[in-house]
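Below: one structure, written as structure tokens.
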Amino acid sequence: MADTYDLIVLGSGPGGYVAAIRASQLGLKVAIVERELLGGICLNWGCIPTKALLRSAEIYHYMQHAKDYGLVAEKISADIDAVVKRSRGVAKQLNQGVTHLMKKNKITVHMGEGTLTAANKVAVTKDGKTEEISAKNIILATGARARDLPFAKADGKRIWTYRHAMVPPEMPTKLLVIGSGAIGIEFASFYNDMGAEVTVVEMLDRIVPVEDAEISAFLEKSLKKQGMTIMTGAGVEKIDVGAKGVTASIKAKDGKVATSEFSHVIVAVGIVPNTENIGLEALGVAMDRGFLKTDPMCRTNVAGLWAIGDITAPPWLAHKASHEGVIAAEAIAGGHPHAMDPKNIPGCTYCHPQIASVGLTEAKAKEAGYDVKVGNFPFIGNGKAIALGEAEGFIKTVFDAKTGELLGAHMIGAEVTELIQGYTIGKTLETTEQELMETVFPHPTLSEMMHESVLSAYGRALHF
């Protein structure tokens, strides 16, 4: 007889395992199904281990510039194998943490490949053996994988996805990165700091194209200053793989095609949702280009079937998946959670310098019909930034001129990924410029720039 639960969660990434925990907290009997590693891609092969890699690159960068801080560090070198080993150790530690959380919250873990056999049944297959489990409700949290280019299939040797780039068989000497979204630009930044010669090719007219145009321009200038080659409005038309490298034919903005030699290629051109071969077609689940359609509570069109995270609408971010997991669990348990507003979801890119943003860009705000007031404050005007030796960057805020509503905030510079949450809370609380102006920010901190940017939008900046 099949094991029966109140809820089955298919996938244990940051959406799935959080949904399972919240449902258990609310008194539901919960099972989670995972085919590979608890914690999913984010924890094991994404967000966390990449940040460990980037931290090593950051330390290496600081050591190379020790003299800027009155210090002496000689014969500095990097051991890519040791850097990767540290990163994998961080991922392993957190994987064990999720395993502990499952036990603590009395969540039954079924390891194996999960397939829907009905709207309330899942077949779990491992080592040729299959068991069937059932529940009144099922949350799909199967995540996504890297998108391949037809002419540049990842082989793990010369052509890499993000997964290969985290455990490189060797250190690239000359690296081509195709795509300048968060994943592409983070790996470009990492390998550039580690000593590779990096070229980034972006099809659109600017890098990190989802960000505010001023952020994109500032980052491009900074990365070029660091030695990167940035090609926008360009495309890779052909890649020939050899024993010792690859030859890429790149069509530049002017239409001219030139060939260049690289040791390795990272393909970072988006994601594909893991929605195939899990039984969705037979159940008639509504989709849009492979992504599941859901209502504000994460319900699909099939009763009892819910979906969260990277298999649903963008933004495809771990923290968005986790919050959706909480919403779905609370709705299943009979609660009345608030729907999530995509405009209040922050985005962070951990390149060097870092990028963080929330809400509308200046251009999007104007497109939406807002009359805007825009504030801008540079890192060079902040005492803490100068003391840190991190005077590169700025903070931009966008307000509705009529109501004072904070429409968006955009940052580039040191530790902005830690600062953005201040504005995110402000947006969630529907704060106005007046309330932000009246908030006391501690001194000396980088956060003072957030205050100054708000003041700047209204012609009241004090330190610039």
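Descriptive notes on the structure:
- Accessible area (Å², 1.4 Å probe, nearest 10) - Val241: 80
- For Leu38, solvent-accessible area (1.4 Å; no DNA, RNA or ligand), Å²: 20
- Measuring nothing but how far apart in sequence close Cα pairs (under 8 Å, 6+ apart) lie, relative to its length, segment 285-370 scores a relative contact order of 18 percent.
- Cβ-Cβ distance of Ala2 and Ala243, R₀ of 51 Å, FRET efficiency by 1/(1 + (r/R0)^6): the value works out to about 0.45.
- On the basis of the beta-carbon distance and an R0 of 56 Å, Asn277 and Val72 show a calculated FRET efficiency of 0.45.
- Residues of type lysines that Lys157 reaches as a straight line, Cα spacing below 21 Å, ignoring anything fewer than 8 places off in the same chain: Lys85, Lys174, Lys238, Lys244
- Of all accessible heavy-atom area on segment 123-171, the percent that carbon and sulfur account for (1.4 Å): 49
- Each Lys or Arg adds one and each Asp or Glu subtracts one; over the other residues with Cβ under 9 Å from the Cβ of Gly404, this totals -2.
- Using 0.36 nm per residue and subtracting the Cα-Cα separation, the extra length available between Lys343 and Glu36 on full extension is 107.3 nm.
- Rounded if a/c under 1.5, otherwise prolate or oblate - segment 277-402, Cα gyration tensor axes: prolate
- Whole-Hz ³J(HN,Hα) from phi, Karplus 6.51 cos²θ - 1.76 cosθ + 1.60, for segment 242-259, glycine and proline x: x, 5, 10, x, 10, 10, 10, 9, 10, 8, 7, 4, 7, x, 7, 9, 10, 9
- Placing a label point 7 Å from the Cα of Ala213 along the Cα-to-Cβ direction, the residues of segment 373-406 whose backbone N falls under 17 Å from that point are 373-376, 396-399.
- Put Asp68, Asp127, Asp193 in order of accessible area, highest first, and with a 1.4 Å probe you get Asp127, Asp68, Asp193.
- 1.4 Å probe accessible area per residue over the chain, in Å²: 47
- When you restrict to C-alpha pairs under 8 Å that are six or more residues apart and normalise by the size of segment 50-112, the relative contact order lands at 31 percent.
- Within the accessible area of segment 330-456 (1.4 Å probe), percent carbon and sulfur: 53
- Contact order relative to length of the chain, as percent, for alpha carbon pairs under 8 angstrom and 6 or more apart: 14
- Counting only protein heavy atoms and using a 1.4 Å probe, the accessible area of Lys92 comes to about 130 Å².
- Principal axis extents of the Cα atoms in the chain, from largest to smallest and rounded to whole angstrom, are 69, 61, 46.
- Remark: the Asp155-Asp254 segment gains 32.5 nm on full extension, using 0.36 nm per residue and subtracting the alpha carbon distance.
- Of interest is the spacing of the C-alpha centroids, which for segment 129-154 and segment 9-49 amounts to 13 Å.
- Across all C-alpha atoms in segment 103-166, the radius of gyration and Dmax reach 17.0, 47 Å.
- Environment charge of Pro172, counting only residues whose C-beta is closer than 10 Å and scoring Lys/Arg +1, Asp/Glu -1: 0
- Between His443 and Met63, the FRET efficiency estimated from the beta carbon spacing at R0 = 25 angstrom works out to 0.25.
The values are calculated or read from the model by the stated rules, or taken from the named source; none is laboratory data. Note that the structure is a prediction, hence the values are computed from the model and not measured. So basically every Cβ, Gly included, is an ideal-geometry build from the backbone, and we count neighbours across all protein chains shown. Quick note on the areas: whole protein, heavy atoms, side chains included, nothing else; ligands and nucleic acids left out. Shrake-Rupley method; radii C 1.70, N 1.55, O 1.52, S 1.80 Å.
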